[in-house]
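S.K.: Take a look at this one; I'll ask things after.
The values are calculated or read from the model by the stated rules, or taken from the named source; none is laboratory data. This structure is a prediction, so every number in the text was calculated from the model and none was measured. No Cβ is skipped: glycine too gets one built from the backbone with ideal geometry, and neighbour counts run over all protein chains shown. Ligands, DNA and RNA are excluded from the accessible area calculation, which covers all protein heavy atoms including side chains. Shrake-Rupley method; radii C 1.70, N 1.55, O 1.52, S 1.80 Å.
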Amino acid sequence: HLPSTVASQLMVKSYQAAASEFDARHVSLQQSDGAKAIPAVILPNGTAFVDARQLPRLSADRTYQLWGTSGGATAPVSLAVMGSDPIIQQVSIPSDVQGLAVTLERAGGVPAPTTPALAQGQILS
């Protein structure tokens, strides 16, 4: 457990450092059930941290999946399969992504969302 604990602590410190950057963009993914929002921080280079630790643990056959949305007729792009017991996730956000969303999918992830967003938020400039 030690390596995973150290990795988890490093990710928390990376998230906190990113959140304190003056030019970081903060996104709040509002959950559709009104539960606590999922915070995300995006750095100017596109590196982002999504803190999904408050999402409930799922059965092993399900996963949370993070999507980037660009608006219009463009389909969402999968940014990360976050697992059934998500933690802070580091991802790369393409420059054309205008929003983030989290869905509940089958284990392993899917190429396109199959369920409504559990949480979503717009990336503000």
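S.K.: Expressed as cubic angstrom per residue, what is the convex hull volume of the alpha carbon set of region 41-107? Show your work: numbers first, answer last.
M.R.: On the way: hull volume 5.0 nm³, N = 67.
Taking only Cα atoms, region 41-107 has a hull volume of 74 Å³ per residue.
S.K.: If you don't mind, there's one more thing I want to ask. From largest accessible area down, sort VAL41, VAL81, VAL12; use a 1.4 Å probe on the protein chains.
M.R.: Numbers: VAL41 0, VAL81 65, VAL12 35 Å².
Greatest to least solvent exposure: VAL81, VAL12, VAL41.
S.K.: Hey, got a sec? Which trypsin sites (Lys or Arg not before Pro) in region 38-120 land in a DSSP loop and have at most 10 other Cβ atoms within 10 Å?
M.R.: Values: sites: ARG53, ARG57, ARG62, ARG106; in loops: ARG53, ARG57.
Sites meeting the loop and neighbour criteria: ARG57.
S.K.: Enter the accessible area of THR115 (Å², nearest 10), with the probe set to 1.4 Å and all protein chains included.
M.R.: THR115 has an accessible surface of roughly 40 Å² with all protein chains in place.
S.K.: Right, another one. Give the relative contact order (percent, whole number) for the chain; include only Cα pairs under 8 Å separated by 6+ residues. Each step should come with its number before you reach the end.
M.R.: Values: 268 pairs, mean separation 32.9, N = 125.
Rounded, it is 26 percent for the chain.
S.K.: With a Cα-only, solvent-free Debye model of the chain, what are the log10 I(q)/I(0) values at q = 0.13, 0.21 Å⁻¹?
M.R.: With one equal scatterer per Cα and no solvent, log10 I(q)/I(0) is -0.50, -1.29.
S.K.: Please go through region 17-125 and write out the chymotrypsin sites (Phe, Trp or Tyr not before Pro) that DSSP classes as loop and that have at most 14 other C-beta atoms within 10 Å.
M.R.: Working: sites: PHE22, PHE49, TYR64, TRP67; in loops: PHE22.
Answer by residue number: PHE22.
S.K.: If I model a spin label at ASP96 and ALA75 as a point 7 Å from the Cα along the Cα→Cβ vector, what separation in nanometres do I get?
M.R.: In this crude spin-label approximation the distance works out to 1.4 nm.
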